[in-house]
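Chemist: Take a look at the following structure, please.
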Amino acid sequence: MARRTAKLDKAGVPREPCGLSVADCLGAERIQGFCTIAGWMHQMLDQMFEGMLVLGAALSIEIANRAAAGIFGYLPGELLGRPLASLLHTPEQTVIPSVDFPHRPSRTLSFTTGRHEALGRRKNGDIFPLELSVSQSLVEGRPALTILVRDLTERRALERALFDAEARERLRIGQDIHDSLCQMLIGVHYQAELLQSKLCERSVPEAALAARIGELVREASGCARALAQGLMPLAISPAQLPQALGDLARKSEEDSGVSCRFALIGQPALRDADTAIHLYQIAQESLHNAIRHGKPRHVEILLGGGDESVYLRIADDGEGMRPKAASASGLGLRSMRYRAGLIGGVIRFESKPKGGVIVLCTVPSAPRGNKKKGVAGNERDQRQVGPA
């Protein structure tokens, strides 16, 4: 591209744009020797530890620094001209068969400015968690998106290790309460009953007080037992997850009167038991929120997956969430986002006024060699486990 002659002000400072695009100035085919600032910026981009992509109006990559290319397993030049969608695996692109709540996958990506979590796709096909920080600007009158890319694999592994350590500590405390405190309270309860019996034999009026003490100790023992059980972690294997979700749907329908349906689509390959547990708790929290706040008539839970990812989708026909509720700091939504992140996944919340809420969580599938450990499906593509 030919460079326009810059118009100078009285101080000799150029005030009129040169006419070169960002790709012409900083890309692989940049015009050499244009200006020292462009050369300095190009060196800075290549030396950054953080990945950076610059996209044109068609969301194709015009600039990719070495860090961004390395995150996805490419050479910098191999990314130029590629659509951003080819590097991502987002929940919006997932094809999900559903009768009650049709899902229409998006063929294009639409990112607002700000931070977004997504699943990336490396050159070798591996799926991994990443964070995208998106900003938008106008260059020579043309829109450009600048995206900072961060690989979250190591961070998620550290968060999961911390969560596992906390779970082990909760288990230890729960076992101590059950094995020590509960047993001691049971012993005190028997002693109070024995004392009541002896006082009754002597017709002492304090026998009623001894009986009351026994009742309080028995109640305290029940509370301690419930506390110990609450500290114990869930035990759900990948193969048990469909049955657990079916039982959750069935129990929720019995307790609330809301029609809850669960269906298994295909044979999702879960990585491990932790993934199964966190997906179950996301479904549990979503179902609780839908019934408590949305006042729906029907709720549908779907578990499915393909070669690259496993998805969990909870949809209802209730009143929907309040405006901006999906980005709010409510404990339930934060908890679901946190759990999705722990298992390397992403979660999306979609709400329409009077049109219900859709919660869609997508996590990477088990590695190719471990898919035999996934959910054991039957011969049909869809199996209903919960009540219709």
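The values are calculated or read from the model by the stated rules, or taken from the named source; none is laboratory data. Predicted, not measured: the structure shown is a model, and the values here were computed from it. When we count neighbours, we look across all protein chains shown, and the Cβ atoms used for this are built from the backbone with ideal geometry, even at glycine. These accessible areas exclude ligands, DNA and RNA; they are computed on the full protein's heavy atoms, side chains included. Shrake-Rupley method; radii C 1.70, N 1.55, O 1.52, S 1.80 Å.
Chemist: Which of the following residues is among the aliphatic types (A, V, I, L, M), in contact with a helix residue (DSSP H, G or I) (Cβ under 9 Å, 6 or more places away or on another chain), at negative phi and open to solvent by 70 Å² or more (accessible area, probe 1.4 Å): Leu227, Leu248?
Modeler: Details: Leu248 fails: open to solvent by 70 Å² or more (accessible area, probe 1.4 Å).
Of Leu227, Leu248, the one residue that is among the aliphatic types (A, V, I, L, M), in contact with a helix residue (DSSP H, G or I) (Cβ under 9 Å, 6 or more places away or on another chain), at negative phi and open to solvent by 70 Å² or more (accessible area, probe 1.4 Å) is Leu227.
Chemist: Here is a follow-up. Can you pull out the residues in region 358-367 that are at pLDDT below 90 and over 17 Å from Leu130 (Cα atoms)?
Modeler: Scanning region 358-367 gives Ile358, Ala366, Pro367.
Chemist: Quick check on Ala228: is it touching a His at 6+ places or on another chain (Cβ under 6 Å) and either of a type in the set (Val, Ile, Thr) or more than 30 Å from Leu264 (Cα to Cα) (or both)? Can you show your working first?
Modeler: Working: touching a His at 6+ places or on another chain (Cβ under 6 Å): yes; either of a type in the set (Val, Ile, Thr) or more than 30 Å from Leu264 (Cα to Cα) (or both): yes.
When the stated conditions are applied, Ala228 passes them.
Chemist: Within region 259-273, which residues are buried (at least 18 other Cβ atoms within 10 Å of the Cβ) and of a type in the set (D, E, K, R)?
Modeler: Of everything in region 259-273, those that are buried (at least 18 other Cβ atoms within 10 Å of the Cβ) and of a type in the set (D, E, K, R) turn out to be Arg261, Arg271.
Chemist: Could I ask something else about it? Can you run down the residue pairs with Cβ atoms below 8 Å, 6 or more apart or on separate chains, where the first is in region 335-357 and closer than 11 Å to Leu279 by Cα and part of a helix (DSSP H, G or I) and the partner is of a type in the set (S, T, N, Q) and at pLDDT 85 or above?
Modeler: Within 8 Å, the pairs are Met336/Ser286; Arg339/Gln281.
Chemist: Right, here's the next one. Here are Gly341, Gly320: which of them is surrounded by 14 or more Cβ atoms within 10 Å (Cβ to Cβ) and modelled with pLDDT under 85?
Modeler: On the way: Gly341 fails: modelled with pLDDT under 85.
Residue meeting the stated conditions: Gly320.
Chemist: Checking the structure you have, find out if any residue of region 290-305 is touching a Leu at 6+ places or on another chain (Cβ under 7 Å), in contact (Cβ under 8 Å) with a residue 12 or more places away in the chain and assigned to a helix (DSSP H, G or I).
Modeler: no
Chemist: Let me ask something else about it. Going through region 295-311 one residue at a time, which ones are of a type in the set (D, E, K, R) and either more than 22 Å from Gly257 (Cα to Cα) or open to solvent by 10 Å² or more (accessible area, probe 1.4 Å) (or both)? Working first, answer last.
Modeler: First pass over region 295-311, keeping only residues of a type in the set (D, E, K, R): 295, 297, 300, 307-308.
Within region 295-311, Lys295, Arg297, Asp307, Glu308 meet the criteria.
Chemist: Go through (1) open to solvent by 20 Å² or more (accessible area, probe 1.4 Å); (2) in a helix (DSSP H, G or I); (3) in contact (Cβ under 8 Å) with a residue 40 or more places away in the chain; (4) not basic (Lys, Arg) one by one and return the number of the condition Ile282 breaks.
Modeler: It fails just one condition, (1).
Chemist: Need a quick list: helices (runs of 4 or more DSSP H) entirely within region 170-269 having at least 3 residues that are within 30 Å of Gly305 (Cβ to Cβ) and under 23 Å from the mean Cα position of the chain (by Cα). Explain how you work it out, then say what you get.
Modeler: Values: elements: 182-201, 207-231, 241-256.
So the answer is 241-256.
Conditions (1) touching a residue at least 24 places away in the same chain (Cβ under 8 Å); (2) within 30 Å of Gln47 (Cα to Cα), marked per residue:
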{"site": "Arg142", "(1), (2)": "yes, yes"}
{"site": "Thr153", "(1), (2)": "yes, yes"}
{"site": "Leu158", "(1), (2)": "no, yes"}
{"site": "Leu162", "(1), (2)": "no, no"}
{"site": "Ile177", "(1), (2)": "yes, no"}
{"site": "Ile186", "(1), (2)": "yes, no"}
{"site": "Leu194", "(1), (2)": "no, no"}
{"site": "Ser197", "(1), (2)": "no, no"}
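Chemist: If you don't mind, there's one more thing I want to ask. Quick one: Leu84 ticks every box in (1) modelled with pLDDT of 85 or more; (2) more than 28 Å from the chain's Cα centre (by Cα); (3) of a type in the set (A, V, I, L, M) except a single one, so which number is it?
Modeler: (2)
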